[in-house]
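One structure below.
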Amino acid sequence: MNRARRTLLAGTALAPLAGCARTQPPAYGGGWVGAKVERGHLLRERKAGGWPAPALQRRAGAIVVGGGISGLAAARALTRAGIDDVHVFELEDEAGGNSRGHAIAGMRCPLGAHYLPVPGEHAVEVIELLEALGLRRSERGVVVYDELTLCHSPQERLHIGGFWHDGLLPPIDALPAAERAETLAQYRRFGSAVMAASAGEAFAIPTARARWSPVLATLDAQTFAAWLDAQQLNAPALRWYLDYCCRDDYGSGARQVSAWAGLHYFASRHGFHAPGDAADERDPVLTWPEGNAWLARRLAEPLRERLHTGGVVWRVGEGRDEVVVDLWNARAQRSERWSAPQVVLALPLFVVARLLAAPPAALTQAAALMPHAPWLVGNLHLSDALAEHPGAPLSWDNVVYEPGRQSRIDTSPTLGYVDAMHQSTRSIPGPTVLTSYWALGGDSPAQRARLLGEPWSAWAGAIVQDLARVHPDLPAKLKQVDLMRYGHAMSVPVPGLRGSAALRALAEDRPRVQFAHGDLSAYSVFEEALYQGTRAGAAAARRLGASRRR
Ligand SMILES: Cc1cc2nc3c(=O)[nH]c(=O)nc-3n(C[C@H](O)[C@H](O)[C@H](O)COP(=O)(O)OP(=O)(O)OC[C@H]3O[C@@H](n4cnc5c(N)ncnc54)[C@H](O)[C@@H]3O)c2cc1C
């Protein structure tokens, strides 16, 4: 794991972000990990003529640019279709993109994506992959998942006023007495609205398999917050929870994402269930200590030397029969020129728009519509288990309820933390790694500048201060804070994006350059990235097969 900086903090200074005057010198180490920000910025800073002449020229059967889930899925689809010599170029030192992992003191932990819900019937690519990896099988007609991978109980808990409650939806009896009756009524009304919206396969994962309609287009044209206001769904507990869900899946809150996205979160999966409903609010989920990096590494494994990490692609030129890919090999410190009859671009769309010599109009339009939320992920190594408030025990996902926080998300956008040792089978709690997630969408450009501008010590201090509010003994047990920052982590499904004709056009089969990446689904989750990559890889393979037959 690359480590841009490793520091043992000493002294009292902490940056304005943390906002606290420390009396004790903090005694934890850590640093930035995972992302070589300067490599991505090379694309912006160096003009086309600023790169050295290629020291190597090679031809490949097919090329995939981007080694995230979508790129790895595209390479898998090409290989499974019998295409030899598929090469994948990835800018970072490890494949996986937003689904990479880390380890501290021998304990595996995520750097980004950390779970995959058990797939619904439309997610056929996910079902196929899980079966191939031995995580899903049929036993006498009943679908069974690997028990070690299904998230163990207790799955989630919510901290309210000094007490931990089971589940993440604020329970009615934990709310102020004056709010209870109205909140319950609004929970039920929202549940009914989700059920009504779900009819007729309007929502599915992947979204490409849902049935688009004028009703969905109307939802897509407004923010989720505006839609909730119009329905008079304004109970603080409901609004806090819905905002939390949006920030968790989309990196931005209800005031930024569309009403389509807000409803999709529930309608495409488990629905929304008011307390007392027979159905459970929770999806069974698959998870690993290192998060979805477990899946990314299995997808990357078969590529071996055909996976080129440290490969910064800076230009893609489409010729009559060949596509030329120019890249900077950061490991060998040299320029390379590769070519292939088919290329899959499994990259965020704003990057693709920079690489293509002649970007199609649909690409320019879609990239302009699509903001990307920055994220911060902190892995905190603790020497011992934390003391606990009464109520639900330490769970896989642990969140603090603070009504009114949505109005403060720009200053304190924490989503809670995940326990990396949750899936271990140890019976006595002990040293662990807690992974804290901060979604910094909202005012993304300002947050991005802050994320890249403030030092590690300031962000580490802010995370520690945030967690110490419910775990006052955390600073004393803290040994290390490793931080991963994502300037442009995921596309935010803002109004107009999901229904945009430009986005749809980019997912079509193209002559030589296919577009993949989760961005094409308007929002980013494993299922969408796997679908987009598999679709694009299969399209490239079909084109190659057809040209070979000619
Ligand atoms: C903090 C965080 C938590 C998340 N949690 C979850 C979760 O729990 N479950 C879930 O399903 N999803 C989660 N997601 C969503 C996640 O984005 C998707 O699951 C999935 O990993 C996206 O894959 P992708 O291939 O579409 O994109 P990316 O991961 O963005 O992959 C694109 C790849 O292209 C590479 N690249 C970029 N530019 C270049 C270049 N010029 N040359 C070469 N390579 C380049 C990048 O380095 C990257 O590896 C999370 C995302 C984040 C940021």
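The values are calculated or read from the model by the stated rules, or taken from the named source; none is laboratory data. All of these numbers come straight from a predicted model, not from anything done at the bench. Cβ sites come from the backbone with ideal geometry, for glycine too, and all protein chains shown count toward neighbours.
A few comments on the model shown:
- The number of residues in region 412-438 being surrounded by fewer than 18 Cβ atoms within 10 Å (Cβ to Cβ) and among the hydroxyl-bearing types (Ser, Thr, Tyr) comes to 4.
- For region 277-293, a residue qualifies if it is away from the ligand (no atom under 16 Å from the Cβ) and touching a residue at least 24 places away in the same chain (Cβ under 8 Å), and the qualifying residues are ASP277, GLU281.
- Candidates LEU216, LEU168, filtered to the one that is over 30 Å from ALA507 (Cα atoms), in contact (Cβ under 8 Å) with a residue 24 or more places away in the chain and under 27 Å from the mean Cα position of the chain (by Cα): LEU168
- Residues being touching a Lys or Arg at 6+ places or on another chain (Cβ under 8 Å) and either assigned to a loop (DSSP other than H, G, I, E, B) or touching a residue at least 40 places away in the same chain (Cβ under 8 Å) (or both) - total across region 219-237: 4
- Condition broken by VAL481, with the remaining ones in (1) in the same structural domain as VAL88 (by TED's automatic domain parsing); (2) over 28 Å from ARG315 (Cβ atoms); (3) not acidic (Asp, Glu) satisfied: (1)
- Scope region 266-287; condition crowded, with 22+ Cβ neighbours inside 10 Å and either in a helix (DSSP H, G or I) or not polar (S, T, N, Q) (or both); matching residues: PHE266, ALA267, PHE272, LEU286
- Whichever residue in region 135-164 is among the polar types (S, T, N, Q) and free of Cβ contacts under 8 Å to residues at least 24 places away in the same chain and, among such residues, is surrounded by the most Cβ atoms within 10 Å (Cβ to Cβ): SER153
- Against the conditions (1) touching a Gly at 6+ places or on another chain (Cβ under 8 Å); (2) outside any loop (DSSP other than H, G, I, E, B); (3) near the ligand (Cβ under 8 Å from one of its atoms), ALA74 satisfies every one except (3).
- One residue stands out among those in region 361-401 that are over 30 Å from LEU286 (Cα atoms) and in contact with a helix residue (DSSP H, G or I) (Cβ under 8 Å, 6 or more places away or on another chain): the one that is farthest from the ligand (Cβ to nearest atom), which is ALA361.
- Taken over region 504-520, the criterion of being surrounded by fewer than 24 Cβ atoms within 10 Å (Cβ to Cβ) and not in a loop (DSSP other than H, G, I, E, B) is satisfied by ARG504, ALA505, VAL513.
- Out of PRO445, PRO472, sole residue that is surrounded by fewer than 17 Cβ atoms within 10 Å (Cβ to Cβ) and part of a loop (DSSP other than H, G, I, E, B): PRO472
- For GLY167, the test of being surrounded by fewer than 13 Cβ atoms within 10 Å (Cβ to Cβ) and not aliphatic (A, V, I, L, M) is failed.
- Residue, nearest to the ligand (Cβ to nearest atom), within region 313-334, restricted to residues that are of a type in the set (A, V, I, L, M, F, W, C) and within 27 Å of GLY82 (Cα to Cα): VAL313
- From ALA516, ALA539, residue being within 21 Å of ALA123 (Cβ to Cβ) and away from the ligand (no atom under 16 Å from the Cβ): ALA539
- Output for region 325-337, where each listed residue is over 30 Å from the mean Cα position of the chain (by Cα) and under 18 Å from VAL64 (Cα atoms): SER335, GLU336, ARG337
- Checking each residue in region 170-181 for being surrounded by 15 or more Cβ atoms within 10 Å (Cβ to Cβ) and part of a helix (DSSP H, G or I) picks out ILE172, ALA174, GLU179, ARG180.
- Exclusive hit being under 19 Å from the mean Cα position of the chain (by Cα) and closer than 29 Å to VAL492 by Cβ, set TYR417, TYR401: TYR417
- Check on LEU380, more than 30 Å from PHE89 (Cβ to Cβ) and either outside the structural domain of ILE83 (by TED's automatic domain parsing) or assigned to a helix (DSSP H, G or I) (or both): yes
- Filtered residues of region 47-103 (kept if over 16 Å from GLY533 (Cα atoms) and small (Gly, Ala, Ser)): ALA48, GLY49, GLY50, ALA53, ALA55, ALA60, GLY61, GLY82, GLY101, ALA103
- Filtered residue count, region 295-307, keeping only those that are surrounded by fewer than 22 Cβ atoms within 10 Å (Cβ to Cβ) and within 13 Å of the ligand (Cβ to nearest atom): 1
- Restricted to region 95-153, the set of strands (runs of 3 or more DSSP E) holding at least 3 residues that are within 16 Å of the ligand (Cβ to nearest atom) comprises 107-110, 115-117.
- Top-ranked residue in region 335-358 [being over 21 Å from ASP85 (Cβ atoms) and more than 14 Å from the ligand (Cβ to nearest atom); ranked as surrounded by the most Cβ atoms within 10 Å (Cβ to Cβ)]: ALA357
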